[in-house]
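Every read-out reported here was derived from the displayed coordinates using simple, explicitly stated rules and does not represent laboratory data. Because the structure is a prediction, the values reported are computed rather than measured. Note that we place each Cβ from the backbone using ideal geometry, even for glycine, and neighbour counts take in every protein chain shown.
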Amino acid sequence: MPKLPLSPFLLDPNAEPPVPEPRTGACADHAPVPGRRGAMDLDAAELFVIATLRAWVAPRMRPGDAHPDWRELFRMAGAGAPAIIAFDGLMSVIGAQAKRLIDVHCCRCPSLGEDETLMLRLVAALQAGETLPALAILGDWLPEEATGPALLAARRFALSIAETGLSLPRRGQVLPFPASRTLH
C-alpha cells in the first residue's frame with residue numbers, strides 16, 4: 001500500500017486528544033516568543049493573510065468546533081472569487097502534499113508560527129515579483145512535483161489580494177536562503 005502524504009492539518013490519531021481551547025481570551029497553547037513578531041504587530045494585509053490561513057486550517061485541526069468562515073474574510077476584504085479559488089487551491093496542495101508538519105496556530109493565538117511568517121514572506125515575495133524566494137519556501141513545505149501547482153495558486157492569490165489593496169509591506173529584501181546564513 002503506498003504511503004499517504006503527510007497532511008499538516010490532520011491530528012495524529014494515536015496522540016492524546018487535544019485539550020480544548022479556552023472559550024474566552026487568547027490561546028493558551030502558544031506563549032509569545034521574545035523577539036518574534038506577534039499578531040498585534042501585523043498590518044492589515046498581513047493580518048488578512050494570517051486570519052484566512054488560520055480560518056482555513058481551523059476546521060481541519062478541530063472538526064466539530066465552531067470556526068470562522070475563511071471565505072467570509074475574503075468577502076469582507078473585497079477580494080472576489082479568483083482570490084478565494086487561488087487561496088483554496090494553494091492550501092489544498094499544501095494540505096495534501098506537505099512533506100512535514102506546517103505550524104499554523106489557532107485563530108485566537110497572539111503569536112505567529114514560523115510557517116505563518118513564511119506564508120507572509122511567500123505572499124510578499126510574489127507581490128514583489130520575486131519567484132526564487134517563493135520557490136524556496138514552497139520547496140521547504142512540498143515535494144518538488146507539488147511546487148509548480150502551489151506556486152501558480154500562490155501567485156494568483158498574492159496578485160488578487162494586491163488588486164484589492166492588500167499589499168504586504170516589504171520588510172527588506174526577500175531572500176531565498178535562511179536568515180541565519182551569512183553571505184561572504
Q.
Give me, ordered by chain and number, the residues 5 or more places off Ser111 or on other chains with an amide H under 5 Å from its own placed amide H.
A. Ala39
Q) Using 15 Å as the cut-off for backbone N distance, which residues of the stretch 110-124 belong to the label zone defined by a point 7 Å from the Cα of Asp41 along Cα→Cβ? A) 110-121
